[in-house]
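Data block below; observations after.
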Amino acid sequence: MTGTILFGIDVECANENTAGFVEYATPLFHELAVPVTWYLTGKTLERYPDLFRPLGDDPLIELQAHTYNHILLKTVLMRIPEGKTIHGNQGWYLQPGGSLEEIDADLARCQDVFCQVLDRPATALTGPWGYYRGLGDRLDLLEIVYRHGFRVLRTFGRNVDDAQPVPLDWQPFFYAVQGYPDLLECLIHDYQDDFYWEAFVDPQPGQTYADHLKTVVDKVADENLIWSLDSHDHGCATRAGFEKKGSWFRELITYAKRRGIRFMSVSQFYAEQNRSRSTIL
Ligand SMILES: [Zn+2]
(Lines give C-alpha, C1' and ligand atoms only; values in the text may rest on other atoms or scores of the structure.)
Protein backbone atom coordinates (compact mmCIF):
# COMPACT_ATOMS: atom_id res chain seq x y z
CA MET A 1 0.00 0.00 0.00
CA THR A 2 1.39 3.37 -0.96
CA GLY A 3 -0.98 6.01 0.32
CA THR A 4 -4.69 6.72 0.20
CA ILE A 5 -6.74 9.58 -1.22
CA LEU A 6 -10.20 10.37 0.13
CA PHE A 7 -11.59 12.65 -2.56
CA GLY A 8 -14.50 14.66 -1.16
CA ILE A 9 -16.41 17.36 -3.04
CA ASP A 10 -18.74 19.89 -1.44
CA VAL A 11 -21.83 20.08 -3.65
CA GLU A 12 -23.54 23.09 -2.20
CA CYS A 13 -24.58 25.71 -4.75
CA ALA A 14 -28.23 24.56 -5.07
CA ASN A 15 -28.39 26.23 -8.51
CA GLU A 16 -27.28 25.62 -12.09
CA ASN A 17 -23.67 25.09 -10.90
CA THR A 18 -24.83 21.99 -9.04
CA ALA A 19 -26.84 20.73 -12.01
CA GLY A 20 -23.83 21.23 -14.30
CA PHE A 21 -21.51 19.54 -11.83
CA VAL A 22 -23.72 16.45 -11.66
CA GLU A 23 -24.00 16.34 -15.46
CA TYR A 24 -20.27 16.65 -16.16
CA ALA A 25 -18.62 15.10 -13.08
CA THR A 26 -20.64 11.87 -13.03
CA PRO A 27 -19.30 10.51 -16.35
CA LEU A 28 -15.80 11.76 -15.53
CA PHE A 29 -15.57 9.80 -12.28
CA HIS A 30 -17.11 6.76 -13.95
CA GLU A 31 -14.54 6.98 -16.74
CA LEU A 32 -11.67 7.36 -14.26
CA ALA A 33 -13.16 4.56 -12.13
CA VAL A 34 -12.35 6.00 -8.72
CA PRO A 35 -14.62 6.25 -5.68
CA VAL A 36 -15.47 9.80 -4.56
CA THR A 37 -17.71 11.26 -1.88
CA TRP A 38 -19.98 14.20 -2.54
CA TYR A 39 -21.01 16.22 0.52
CA LEU A 40 -24.39 17.78 -0.27
CA THR A 41 -26.11 20.55 1.60
CA GLY A 42 -29.68 19.52 2.41
CA LYS A 43 -30.82 22.56 0.48
CA THR A 44 -29.06 21.28 -2.65
CA LEU A 45 -30.49 17.78 -2.30
CA GLU A 46 -33.97 19.22 -1.72
CA ARG A 47 -33.68 21.42 -4.83
CA TYR A 48 -32.57 18.57 -7.13
CA PRO A 49 -33.99 15.27 -5.78
CA ASP A 50 -34.31 13.80 -9.28
CA LEU A 51 -30.65 14.48 -10.07
CA PHE A 52 -29.35 12.82 -6.91
CA ARG A 53 -31.80 9.94 -6.36
CA PRO A 54 -30.31 7.88 -9.23
CA LEU A 55 -26.86 8.28 -7.59
CA GLY A 56 -28.17 6.81 -4.33
CA ASP A 57 -26.82 3.37 -5.25
CA ASP A 58 -23.98 4.43 -7.53
CA PRO A 59 -20.96 2.13 -7.08
CA LEU A 60 -18.45 5.03 -7.20
CA ILE A 61 -20.21 8.21 -6.09
CA GLU A 62 -21.19 8.27 -2.43
CA LEU A 63 -23.57 10.98 -1.16
CA GLN A 64 -23.00 12.44 2.30
CA ALA A 65 -23.87 15.65 4.16
CA HIS A 66 -22.61 19.24 4.35
CA THR A 67 -25.35 20.56 6.75
CA TYR A 68 -28.73 21.77 5.48
CA ASN A 69 -27.97 25.47 4.99
CA HIS A 70 -24.16 25.62 5.08
CA ILE A 71 -24.15 26.77 8.70
CA LEU A 72 -20.70 27.04 10.28
CA LEU A 73 -20.29 24.70 13.27
CA LYS A 74 -17.55 26.93 14.73
CA THR A 75 -16.51 30.54 14.23
CA VAL A 76 -13.58 30.91 11.85
CA LEU A 77 -11.05 33.53 12.94
CA MET A 78 -8.39 33.53 10.26
CA ARG A 79 -5.01 35.22 10.47
CA ILE A 80 -4.41 36.17 6.85
CA PRO A 81 -0.83 35.68 5.72
CA GLU A 82 1.22 38.88 5.38
CA GLY A 83 0.62 40.64 2.07
CA LYS A 84 -2.37 38.49 1.06
CA THR A 85 -5.99 39.48 0.58
CA ILE A 86 -8.47 36.72 1.42
CA HIS A 87 -12.24 37.20 1.14
CA GLY A 88 -11.49 40.87 0.48
CA ASN A 89 -9.69 41.30 3.81
CA GLN A 90 -6.16 41.75 5.05
CA GLY A 91 -4.92 41.01 8.57
CA TRP A 92 -7.82 39.13 10.08
CA TYR A 93 -11.04 37.62 8.77
CA LEU A 94 -13.95 36.53 10.93
CA GLN A 95 -16.86 34.33 9.85
CA PRO A 96 -19.30 33.62 12.69
CA GLY A 97 -20.47 30.11 13.57
CA GLY A 98 -24.09 29.17 14.33
CA SER A 99 -25.55 28.80 17.83
CA LEU A 100 -25.96 25.30 19.26
CA GLU A 101 -29.74 25.55 18.77
CA GLU A 102 -29.34 26.61 15.13
CA ILE A 103 -26.85 23.81 14.43
CA ASP A 104 -29.05 21.19 16.11
CA ALA A 105 -32.09 22.27 14.05
CA ASP A 106 -30.06 22.50 10.84
CA LEU A 107 -28.65 18.97 11.16
CA ALA A 108 -32.10 17.56 11.96
CA ARG A 109 -33.46 19.16 8.79
CA CYS A 110 -30.49 17.93 6.78
CA GLN A 111 -31.06 14.33 7.88
CA ASP A 112 -34.80 14.67 7.14
CA VAL A 113 -34.01 15.61 3.55
CA PHE A 114 -31.56 12.70 3.18
CA CYS A 115 -34.24 10.30 4.46
CA GLN A 116 -36.91 11.78 2.17
CA VAL A 117 -34.82 11.75 -0.99
CA LEU A 118 -32.38 8.87 -0.50
CA ASP A 119 -34.27 6.76 2.08
CA ARG A 120 -31.36 6.88 4.49
CA PRO A 121 -29.63 9.39 6.75
CA ALA A 122 -26.08 10.57 6.05
CA THR A 123 -23.30 9.10 8.17
CA ALA A 124 -20.52 11.55 7.23
CA LEU A 125 -20.51 15.33 7.62
CA THR A 126 -18.28 18.07 6.26
CA GLY A 127 -18.33 21.17 8.46
CA PRO A 128 -18.71 24.32 6.32
CA TRP A 129 -15.45 26.30 6.03
CA GLY A 130 -13.54 23.81 8.24
CA TYR A 131 -11.94 24.68 11.56
CA TYR A 132 -8.62 24.36 13.37
CA ARG A 133 -8.69 21.19 15.52
CA GLY A 134 -12.04 20.13 14.01
CA LEU A 135 -14.48 19.62 16.88
CA GLY A 136 -11.75 18.34 19.22
CA ASP A 137 -12.18 21.26 21.61
CA ARG A 138 -16.01 21.33 21.43
CA LEU A 139 -17.68 18.55 23.44
CA ASP A 140 -21.06 20.30 22.99
CA LEU A 141 -20.81 20.03 19.20
CA LEU A 142 -19.53 16.45 19.29
CA GLU A 143 -22.62 15.49 21.29
CA ILE A 144 -24.87 17.10 18.66
CA VAL A 145 -23.27 15.59 15.56
CA TYR A 146 -23.07 12.14 17.18
CA ARG A 147 -26.75 12.30 18.22
CA HIS A 148 -27.72 13.10 14.61
CA GLY A 149 -26.05 9.89 13.46
CA PHE A 150 -22.74 11.14 12.07
CA ARG A 151 -19.77 8.81 12.56
CA VAL A 152 -17.26 10.45 10.21
CA LEU A 153 -16.39 14.14 10.12
CA ARG A 154 -14.42 16.44 7.89
CA THR A 155 -14.32 19.41 10.26
CA PHE A 156 -10.54 19.81 10.78
CA GLY A 157 -9.94 21.88 7.65
CA ARG A 158 -7.79 24.79 8.83
CA ASN A 159 -4.33 25.18 10.30
CA VAL A 160 -3.21 26.88 13.51
CA ASP A 161 -4.00 30.30 11.93
CA ASP A 162 -7.50 29.07 10.96
CA ALA A 163 -6.11 29.35 7.42
CA GLN A 164 -4.74 26.94 4.80
CA PRO A 165 -2.84 24.76 3.98
CA VAL A 166 -3.50 22.00 6.52
CA PRO A 167 -0.34 19.89 6.78
CA LEU A 168 -0.55 16.18 6.02
CA ASP A 169 1.39 15.50 9.22
CA TRP A 170 -2.04 15.65 10.85
CA GLN A 171 -3.67 12.36 9.95
CA PRO A 172 -7.23 11.06 10.55
CA PHE A 173 -8.05 10.16 14.16
CA PHE A 174 -10.94 8.97 16.31
CA TYR A 175 -12.38 11.38 18.89
CA ALA A 176 -11.51 8.87 21.63
CA VAL A 177 -9.99 11.45 24.00
CA GLN A 178 -13.32 13.29 23.95
CA GLY A 179 -15.33 10.11 24.66
CA TYR A 180 -16.35 9.19 21.09
CA PRO A 181 -14.05 6.28 20.16
CA ASP A 182 -16.10 5.40 17.06
CA LEU A 183 -16.32 8.95 15.66
CA LEU A 184 -13.65 9.47 13.01
CA GLU A 185 -12.17 12.80 11.91
CA CYS A 186 -10.78 12.70 8.34
CA LEU A 187 -9.64 16.36 8.13
CA ILE A 188 -9.38 18.35 4.92
CA HIS A 189 -5.74 18.63 3.96
CA ASP A 190 -3.70 21.17 2.05
CA TYR A 191 -5.90 23.78 0.30
CA GLN A 192 -9.67 23.39 0.10
CA ASP A 193 -9.76 23.93 -3.68
CA ASP A 194 -7.98 25.52 -6.65
CA PHE A 195 -9.33 29.00 -5.83
CA TYR A 196 -7.98 28.84 -2.25
CA TRP A 197 -4.58 27.71 -3.52
CA GLU A 198 -4.56 30.72 -5.86
CA ALA A 199 -5.55 33.09 -3.03
CA PHE A 200 -3.02 31.80 -0.50
CA VAL A 201 -0.12 31.10 -2.87
CA ASP A 202 -0.31 33.87 -5.48
CA PRO A 203 1.05 31.55 -8.17
CA GLN A 204 3.69 32.72 -10.60
CA PRO A 205 2.95 32.54 -14.34
CA GLY A 206 3.21 28.91 -15.44
CA GLN A 207 2.63 27.50 -11.94
CA THR A 208 -0.50 25.34 -11.93
CA TYR A 209 -2.65 23.78 -9.24
CA ALA A 210 -2.24 20.39 -10.92
CA ASP A 211 1.55 20.66 -10.57
CA HIS A 212 1.16 21.57 -6.91
CA LEU A 213 -1.15 18.57 -6.38
CA LYS A 214 1.43 16.26 -7.94
CA THR A 215 3.97 17.29 -5.28
CA VAL A 216 1.39 16.33 -2.63
CA VAL A 217 0.78 13.00 -4.41
CA ASP A 218 4.52 12.29 -4.23
CA LYS A 219 4.59 12.96 -0.48
CA VAL A 220 1.51 10.79 0.08
CA ALA A 221 3.00 7.91 -1.91
CA ASP A 222 6.49 8.17 -0.42
CA GLU A 223 5.27 8.39 3.18
CA ASN A 224 2.16 6.16 2.86
CA LEU A 225 -0.18 8.91 4.08
CA ILE A 226 -3.93 9.47 4.07
CA TRP A 227 -4.87 12.56 2.04
CA SER A 228 -8.34 14.00 2.48
CA LEU A 229 -8.71 16.19 -0.61
CA ASP A 230 -11.48 18.71 -1.24
CA SER A 231 -13.17 20.53 -4.11
CA HIS A 232 -16.51 22.24 -4.84
CA ASP A 233 -19.27 22.48 -7.45
CA HIS A 234 -18.61 26.23 -7.90
CA GLY A 235 -18.57 27.60 -11.45
CA CYS A 236 -19.65 24.30 -13.02
CA ALA A 237 -22.85 25.39 -14.80
CA THR A 238 -21.29 24.95 -18.24
CA ARG A 239 -18.90 22.34 -19.60
CA ALA A 240 -16.22 25.02 -20.05
CA GLY A 241 -16.69 26.11 -16.41
CA PHE A 242 -16.52 22.52 -15.18
CA GLU A 243 -13.33 21.87 -17.12
CA LYS A 244 -11.36 24.24 -14.86
CA LYS A 245 -11.79 21.55 -12.23
CA GLY A 246 -12.30 18.57 -14.50
CA SER A 247 -8.87 19.00 -16.05
CA TRP A 248 -7.04 18.88 -12.71
CA PHE A 249 -9.34 16.08 -11.43
CA ARG A 250 -8.19 14.04 -14.42
CA GLU A 251 -4.50 14.98 -14.14
CA LEU A 252 -4.37 14.35 -10.40
CA ILE A 253 -6.18 11.01 -10.51
CA THR A 254 -4.14 9.69 -13.42
CA TYR A 255 -0.87 10.66 -11.72
CA ALA A 256 -1.91 9.28 -8.32
CA LYS A 257 -2.94 5.95 -9.84
CA ARG A 258 0.41 5.72 -11.59
CA ARG A 259 2.08 6.18 -8.19
CA GLY A 260 0.02 3.27 -6.81
CA ILE A 261 -2.20 5.37 -4.53
CA ARG A 262 -5.62 3.95 -3.75
CA PHE A 263 -8.85 5.97 -3.68
CA MET A 264 -11.61 5.22 -1.18
CA SER A 265 -15.06 6.58 -0.40
CA VAL A 266 -15.46 7.89 3.12
CA SER A 267 -17.60 4.94 4.24
CA GLN A 268 -15.10 2.42 2.85
CA PHE A 269 -12.36 4.24 4.76
CA TYR A 270 -14.43 4.35 7.96
CA ALA A 271 -15.16 0.62 7.77
CA GLU A 272 -11.46 -0.13 7.41
CA GLN A 273 -10.37 2.22 10.19
CA ASN A 274 -13.11 0.96 12.50
CA ARG A 275 -12.03 -2.64 11.94
CA SER A 276 -8.43 -1.91 12.86
CA ARG A 277 -9.59 0.15 15.85
CA SER A 278 -11.59 -2.87 17.11
CA THR A 279 -8.52 -5.06 16.77
CA ILE A 280 -6.47 -2.64 18.87
CA LEU A 281 -9.07 -2.27 21.67
ZN1 LIG B 1 -19.06 24.36 1.79
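The values are calculated or read from the model by the stated rules, or taken from the named source; none is laboratory data. Keep in mind that this is a model prediction, so the values were computed, not measured. Every residue, glycine as well, gets a Cβ built from its backbone with ideal geometry; the counts of neighbours run over all protein chains shown. Protein only, heavy atoms only, side chains kept; ligands, DNA and RNA dropped before computing areas. Shrake-Rupley method; radii C 1.70, N 1.55, O 1.52, S 1.80 Å.
Do me a favour and compute the ellipsoid semi-axes for region 173-233 from its Cα gyration tensor, root of five times each eigenvalue, largest one first, whole Å. Kindly include the intermediate steps, with their values, before the conclusion.
Numbers: eigenvalues 167, 43, 14 Å².
Square roots of five times the eigenvalues give 29, 15, 8 Å.
Per 0.36 nm of contour for each residue apart, how much would the distance between R53 and S276 grow if the chain were fully extended, relative to their Cα-Cα spacing?
Values: separation 223, 0.36 × 223 = 80.28 nm, distance 3.25 nm.
So the extension gain works out to 77.0 nm.
Putting +1 on Lys and Arg Cβ atoms and -1 on Asp and Glu Cβ atoms, find which of V201, T254, Y180 reaches farthest to the positive end of the dipole of region 168-281.
Highest projection toward the positive end goes to T254.
Run the simple label-point estimate for L32 and T85 please: 7 Å along Cα→C-beta, distance reported in nm.
With each label placed 7 Å out from Cα toward Cβ, I get 3.2 nm.
Need one number for the chain: average projected area of the convex hull over its C-alpha atoms, nm². It would help to have the intermediate numbers written out before the result.
Working: hull surface 57.7 nm².
The number I arrive at for the chain is 14.4 nm².
With a 1.4 Å probe and every protein chain kept in, tell me what percent of the accessible surface of the chain is carbon plus sulfur. Let's see the in-between values first.
On the way: 6150 of 11780 Å².
Within the chain, the accessible surface is 52 percent carbon and sulfur.
Could you sort out which of K43/K257; K43/K245; K43/K74; K84/K245; K219/K244 sit more than 31 Å apart by Cα distance in this structure?
On the way: K43/K257 34 Å; K43/K245 23 Å; K43/K74 20 Å; K84/K245 24 Å; K219/K244 24 Å.
Check vs 31 Å cut-off fails for K43/K257.
State the Cα centre-to-centre distance between region 20-62 and region 65-83 in whole Å.
With region 20-62 and region 65-83 each reduced to a Cα centre, they are spaced 24 Å.
Name the residue, out of Y68, Y48, Y39, whose mean-square fluctuation peaks in a Gaussian network model built on the chain with Cα pairs under 10 Å.
Y48
With a sphere of radius 11 Å drawn around the Cβ of R109, what net charge do the other residues whose Cβ falls strictly inside it have (Lys, Arg +1; Asp, Glu -1)? Don't skip to the answer; put the middle values down first.
On the way: positive: K43; negative: E46, E102, D104, D106, D112.
Taking every other residue near R109 into account, the sum is -4.
Using a/c under 1.5 as the rounded threshold, could you call region 73-148 rounded, prolate or oblate? The axes a ≥ b ≥ c are square roots of the C-alpha gyration tensor eigenvalues, and prolate needs a/b larger than b/c, oblate otherwise.
Details: a/c = 2.85, a/b = 2.11, b/c = 1.35.
Since a/c reaches 1.5 and a/b is larger than b/c, the shape of region 73-148 is classed as prolate.
Counting only protein chains, not ligands or nucleic acids, how are K219, K245 ordered by accessible area (probe 1.4 Å), most first?
Values: K219 65, K245 10 Å².
Per-residue accessible area, sorted high to low, gives K219, K245.
Looking at the square roots a ≥ b ≥ c of the eigenvalues of the Cα gyration tensor of region 5-46, which shape do they give, rounded for a/c under 1.5, prolate if a/b is larger than b/c, or oblate?
Details: a/c = 3.01, a/b = 1.50, b/c = 2.01.
It comes out oblate by the Cα gyration axes.
Could the peptides 201-207, 40-46 be put in order, highest first, of the mean number of other beta-carbon atoms found within 10 Å of their residues? Display every interim value, and only then the final one.
Numbers: 201-207: 9.9, 40-46: 25.3.
In decreasing order of mean packing, 201-207, 40-46 become 40-46, 201-207.
Based on the Cβ-Cβ distance of K214 and T123, what FRET efficiency does E = 1/(1 + (r/R0)^6) give at R0 = 35 Å, to the nearest 0.05?
Values: r = 32 Å, r/R0 = 0.91.
Approximately 0.65, to the nearest 0.05.
In nm, give the distance between the simple-model label positions of E143 and Y255, each being 7 Å from the Cα along the Cα-to-Cβ direction.
For the pair E143/Y255, the computed spacing is 4.6 nm.
As a check on your grasp of the helix formula, calculate [θ] at 222 nm for the chain: sum -39500 (n - 2.57) over DSSP H runs of n ≥ 4, divide by the residue count, round to the nearest 500.
Calculated mean residue ellipticity at 222 nm is -12500 deg cm²/dmol.
Where the centroid of each part is defined by its Cα atoms, how far is region 249-275 from region 93-163 in Å?
Result: 23 Å between the Cα centres.
Name the residue from A14, I226, L77 whose Cα lies farthest towards the positive end of the charge dipole of the chain, charges +1 on Cβ of Lys and Arg and -1 on Cβ of Asp and Glu.
Farthest towards the positive end: I226.
Once both labels are modelled 7 Å past Cα along the beta-carbon direction, what's the V201-W92 spacing in nm?
2.9
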